[in-house]
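This report refers to the structure that appears directly beneath it.
The values are calculated or read from the model by the stated rules, or taken from the named source; none is laboratory data. Note that this is a predicted model, so its numbers are computed, not measured. Positions of Cβ are generated from backbone atoms using ideal geometry, with glycine treated the same way; all protein chains shown enter the neighbour counts. These area figures cover heavy atoms from the full protein model, side chains too; ligands, DNA and RNA do not enter into them. Shrake-Rupley method; radii C 1.70, N 1.55, O 1.52, S 1.80 Å.
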Amino acid sequence: MRIAVYPGSFDPVTFGHLDIIERASKIFDRIIVSVFVHSTKKNMFTVEERVAMLKTALKGKKKVTVECFEGLLVDYVKKKKTTVVIRGLRAISDLEYEFQIAAVNRTLYPAIETVFFMPRQRYTYLSSSVVRDIAHFRGDVSKLVPPHVVKAIAARRGK
Ligand code: ADP
């Protein structure tokens, strides 16, 4: 059973994240999508809301479960009895940051393997922060996030 953890903020989940999960599903038997609880970061949605939006987006995907986690990723990965972490690479600009995290995680837990997936071309510019910025100015995010997330953003913005 090949289990992989896909950690992130997912604030909110975008079509880019879903693209990565879709690709990873072809390779792994089980994917645990895990919302990182990070209290110092300024978030648009609470962890519970982010988990709920991910669950709705991934409904019916038998290989995928959604959770949240606190603390060090390596400890969480060990607890899940796996060694595989999934991350997405949009562009070379992601590489430096991802390279650093992967290297630090490997120092803390030598057995860990970070596996990178590239999204389809049209999502290479897409991030949750782009979505939050557009949402801030009440722009149209319907091409970037699933319909239930569009609704949640509109409700948050008081539309
Ligand atoms: P962000 O706020 O940048 O979307 P997250 O912490 O939610 O970041 O992202 C979790 C992981 O998903 C990271 O490895 C990130 O690079 C990746 N990711 C996010 N958006 C995309 C995308 N559009 N295409 C590919 N990977 C992505």
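Give me the net charge of S25's neighbourhood, meaning all other residues with Cβ under 13 Å from the Cβ of S25; Lys, Arg count +1, Asp, Glu -1. Once positives and negatives cancel, what remains is +4.
In this structure, the pairs whose alpha-carbon distance is over 24 Å, taken from K42/K80; K42/K151; K42/K78; K63/K151; K42/K62; K55/K80, are K42/K80; K42/K78; K63/K151; K42/K62.
Working note: 222 nm ellipticity from helices only, DSSP H runs with n ≥ 4, each -39,500 (n - 2.57), summed and divided by the residues of the chain, gives -12500 deg cm²/dmol to the nearest 500.
Other residues with beta-carbon under 11 Å from the beta-carbon of F69 carry, at +1 per Lys or Arg and -1 per Asp or Glu, a net charge of -1.
Over the chain, Cα pairs under 8 Å with separation of 6+ residues give a relative contact order of 29 percent.
Peptide packing for 70-76, 48-54, 133-139 was compared via the average number of neighbouring C-beta atoms within 10 Å per residue; ordered from the highest value, the list is 48-54, 70-76, 133-139.
Would you mind getting the accessible area per residue of the chain, heavy atoms of the protein chains only, 1.4 Å probe, in Å²?
Per residue, the chain has 58 Å² of solvent-accessible surface.
The protection proxy used here, the mean number of other Cβ atoms lying within 10 Å of each residue, ranks peptides 99-109, 25-35, 118-128 as follows, highest first: 25-35, 118-128, 99-109.
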